[in-house]
């Protein structure tokens, strides 16, 4: 694999990241335990390196509509999906991959970088706390140059999956 150029952790990580993006964006179908099984398979041999997919891959899968990957990633991370309405996905962004959204979805899974309304505030998802089944979302002070883009945090919310479900019931 590395005959033409020398191996490095950066090259290997980049190849794996591109591999995940290729599978996701091409619509490759995943079974719910595929990521867990692949990680086990890689750990059985010293020469099989495992570079797991990350939040950027999850965001691309949700925004591109590869729900089978999103579900497999949720099983891998032991995360329940945070389903919400009124989502603004904006641009599909991760460290390695930028793509304008392919369809104007407003209902679906929350991902890092997605905007939605919470307690009357426009908030942006900034992190997931899988061990607590919650996410972190921040409201920002408006900036004259960039609107509500992240500048100075005005308010930080830790929202559990239970609270999100209760909020949906109240809106109905």
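The values are calculated or read from the model by the stated rules, or taken from the named source; none is laboratory data. Just so we're clear, the structure is a prediction, and the values are computed from it rather than from any experiment. A quick note on method: Cβ atoms are made from the backbone with ideal geometry, for glycine too, and the neighbour counts reach across all protein chains shown.
Give just the number: which of (1) out of contact with any strand residue (DSSP E or B) (no Cβ under 8 Å at 6 or more places or on another chain); (2) surrounded by fewer than 19 Cβ atoms within 10 Å (Cβ to Cβ); (3) modelled with pLDDT of 90 or more does residue 73 not satisfy?
(2)
Looking for something modelled with pLDDT under 75, under 13 Å from the mean Cα position of the chain (by Cα) and in a loop (DSSP other than H, G, I, E, B) - is there at least one such residue anywhere in segment 104-115? Reasoning before the result, please.
First pass over segment 104-115, keeping only residues modelled with pLDDT under 75: 104-106.
Checking which are under 13 Å from the mean Cα position of the chain (by Cα) leaves us with none.
No: zero hits.
Could you count how many residues in segment 134-163 are in contact with a strand residue (DSSP E or B) (Cβ under 6 Å, 6 or more places away or on another chain) and closer than 24 Å to residue 61 by Cβ?
Selection size over segment 134-163: 8.
For the subset of segment 82-101 comprising residues that are within 19 Å of residue 133 (Cα to Cα) and surrounded by 17 or more Cβ atoms within 10 Å (Cβ to Cβ), which member is modelled with the lowest pLDDT?
84
Return yes when residue 124 is crowded, with 16+ Cβ neighbours inside 10 Å, on the phi < 0 side of the Ramachandran plot and at pLDDT 90 or above and no when it is not. Even if it seems obvious, please write down each step before you answer.
On the way: crowded, with 16+ Cβ neighbours inside 10 Å: yes; on the phi < 0 side of the Ramachandran plot: yes; at pLDDT 90 or above: yes.
Yes: the conditions hold for residue 124.
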